[in-house]
Amino acid sequence: MFVTTSYDPNPAQLSEAETLARALGGRCIRRRRMTLAQLRERYGDEDILLISKERIEYHHEQRLPLFFHPSTAAVRIKRLLNGETDPLLTLAGIRSGDRIIDCTAGLGSDAIVFSFAAGPEGTVTALETARIPCFLLEQGLKTYHSDVPGLNEAMRRIEVVCQDHADYLRALPPDSADLVYFDPMFRKPITESTSIKAIRGIADDRALTEEAVAEARRVARRMVVMKEHRDSQEFDRLGFAEVHRSSTKIAYGVIRC
């Protein structure tokens, strides 16, 4: 992987590119006037971390660029502020002060909504095993600015941990979280989702294991929730007997502890 900037970078961008290249074990390449395709041809690397004035983007082969954005979290929080309900928060019974572990955070959309609902007294730990999504999530949560009331504070409160969720859960004492949440890469993809297209093949796409669910049940005081395609067989395989399907292609499996 190499790290570069947009055209005509300022000194801060150049410094950030050099710092990130060292931190991520990549090479810092001066962009000059070359396109990304020209950079790939000259330096022989498909993976590019691009530092621009607006954001950090990860370019991998011919895929859509991957970057942090609160995405649907901003829409959902606006609805909550307008007095509407959120299906996931209602199902999980999230309240102020809850401790929540998001085991498969991706770029953090659900973790942000959890953090907003749990408030300043709550805690949200976002786990992500894949290095690049974890890096983009951590940087984005620290620096992204939104005009939606409470969204910035919710993002800043989230703790990001780059670790396998089974290892993390195994080290926790029993009943140490209110909710343990899984949103693994769907076995049956929802191909029209642009955000999923960008992250698929970069994020950890391993199937959820029975051991991880068992550890989640041990750690959760109240509930384990898994998000999957509504027609998925994973609910049966992993012991989620209670499944809440909606009119969309999403369903939530619930294990009450």
Quick one: if you take sqrt(5λ) for each eigenvalue of the C-alpha gyration tensor of the range 1-128, what semi-axes come out, biggest first, whole angstrom?
-> 38, 14, 14
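Rounded to the nearest 0.05, what FRET efficiency do L24 and L80 have when you use their Cβ-Cβ distance and R0 = 45 Å?
On the way: r = 35 Å, r/R0 = 0.79.
Given R0 = 45 Å and the Cβ-Cβ separation, E is 0.80.
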To the nearest µm²/s, what D does Stokes-Einstein give for the range 72-256 at 25 °C and 0.890 mPa s, using the Kirkwood radius over alpha carbon pairs as Rh?
-> 149 µm²/s
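Per DSSP helix of 4 or more residues, -39500 (n - 2.57); summed, then divided by the residues of the chain. What does that give at 222 nm, rounded to the nearest 500? Write out the running numbers ahead of the final one.
On the way: 11 runs with 95 residues, N = 257.
For the chain, the value works out to -10500 deg cm²/dmol.
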Between V160 and residues 5 or more places away or on another chain, which pairs have amide H atoms under 5 Å apart, with H built 1.01 Å from N, and which residues are they?
-> A126
Treat every Asp and Glu Cβ in the chain as -1 and every Lys and Arg Cβ as +1, leave all other atoms uncharged, and give the resulting dipole magnitude about the Cα centre to the nearest 20 debye.
-> 440 debye
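Where in the chain are the helices, taken as whole DSSP H runs, whose Cα atoms extend 15 angstrom or more along the long axis and whose Kyte-Doolittle mean reaches at least 0.0?
Going by DSSP H runs, the hits are 11-24, 131-143.
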Inter-centroid distance (Cα atoms) of the range 217-257 relative to the range 1-72, Å = 38 Å
If you build a Gaussian network model of the chain, linking Cα atoms that sit under 10 Å apart, which residue out of R206, R157, R99 swings the most?
-> R206
Taking the range 2-54, the whole-percent share of alpha-carbon pairs separated by over 19 angstrom is 18 percent
In sequence order, calculated HN-Hα J values of the range 91-98 (Karplus, 6.51, -1.76, 1.60; Hz; x Gly/Pro) | 4, 7, x, 5, 9, 4, x, 5
Count the DSSP beta bridges whose two residues both fall in the chain, then state the antiparallel fraction as a percent rounded to the nearest 5.
-> 45 percent
By residue number, which cysteines of the chain lack any other Cys whose Cβ falls under 4.7 Å from their Cβ?
-> C28, C103, C257
At H69 and S6, where each label point lies 7 Å from the Cα along Cα→Cβ, what is the point-to-point distance in nanometres?
-> 1.4 nm
Could you list which residues have their amide H under 5 Å from that of T5, counting only those 5 or more apart in sequence or on another chain, with H placed in the peptide plane?
-> R31, I51
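Rule-based calculations on the coordinates, nothing more; no lab input. Note that the structure is a prediction, hence the values are computed from the model and not measured. All Cβ positions, glycine included, derive from the backbone under ideal geometry; neighbour counts span all protein chains shown.
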